[in-house]
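Worksheet: one structure, shown below.
The values are calculated or read from the model by the stated rules, or taken from the named source; none is laboratory data. No experiment lies behind these values; they were computed from the predicted model shown. Cβ placement follows ideal geometry from the backbone for every residue including glycine, while neighbour counts extend to all protein chains displayed.
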Amino acid sequence: MSQDIPSDMKFAFITMSLLFLMLQSTVHAASPKPESKDSQRYITENLEITLRSGQGTKFQIIRMLRSGTPVTLLETDKTTGYSRVRTSNGIEGWVLSRFLSRHPSSKNQLTELRGKLTGLEIRLKQQAKELDKALSQVRKTTADNQELLKQKASLERELKRIKQAAGSTLAIDAKNKDLQQKLIASEHELQRLQQENQVLESNNSRKWFLYGGSFAVFCMLLGWLLPKLSWRRKSNWNTL
């Protein structure tokens with residue numbers, strides 16, 4: 001036979017169960033939800049809202065967030081209308097959910113567009129400078145090409161002149177060689193004539209020697225005959 005549980009024990013058990021359930025729900029509500037892929041939020045336009053340490057105006061203000069400030073959404077409490085966020089420098093706190101937007105404010109977008117426009121203008125100026133530099137290089141290259149063409153034409157004229165001079169030199173050299181050959185032939189002919197002259201002179205000397213010898217013999221004979229002839233004439237005259 002079971003014993004009846006005292007009423008005070010029942011009351012204590014029920015009280016403990018309720019406290020446990022309340023504590024569990026509080027812990028579950030306080031535990032942060034995991035960040036979703038689309039957790040980036042922005043403070044809405046024309047506002048400067050408070051970042052508080054808790055969900056409500058009674059909690060301490062950590063800092064003020066200007067319109068367009070990017071924050072990371074950590075969790076949202078639909079009951080209180082607050083969301084826990086983290087700033088770019090790591091500060092966490094609570095803000096009213098209605099002041100969060102998925103897109104940057106138009107002011108920030110305009111600022112971003114102005115920044116992009118400024119960047120594009122800078123790039124355009126840089127490209128214009130590079131284009132001017134490239135055009136200057138092209139003009140310089142064109143001028144260099146024209147100068148090279150002039151130098152080429154001058155070198156071609158100089159080469160033609162050198163070829164002509166070389167041709168003239170070769171012709172003169174050939175003529176000199178021909179004259180040298182003729183001179184050598186003339187020298188040989190002169191030597192031959194000199195040799196013949198020497199031979200003739202030698203022959204003439206011999207002839208004159210023979211002529212002189214013959215004349216001397218003739219004179220001797222004449223000298224020998226003349227006395228003979230004179231004696232005979234005298235003898236003949238005496239005989240008569």
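General observations
- Criterion violated by Y82 - all others in (1) surrounded by 12 or more Cβ atoms within 10 Å (Cβ to Cβ); (2) at pLDDT below 80 satisfied: (2)
- If you check L170, L179 for being over 45 Å from the mean Cα position of the chain (by Cα), at pLDDT below 80 and over 26 Å from E48 (Cβ atoms), only one passes: L170.
- Screening S136 against (1) part of a strand (DSSP E or B); (2) modelled with pLDDT under 90 leaves a single unmet condition, (1).
- Identity of the residue in the range 45-73, touching a strand residue (DSSP E or B) at 6+ places or on another chain (Cβ under 7 Å) and outside any strand (DSSP E or B), that ends up surrounded by the most Cβ atoms within 10 Å (Cβ to Cβ): T69
- Check on E156, without any contact (Cβ under 8 Å) to a residue 12 or more places away in the chain, of a type in the set (D, E, K, R) and surrounded by 10 or more Cβ atoms within 10 Å (Cβ to Cβ): yes
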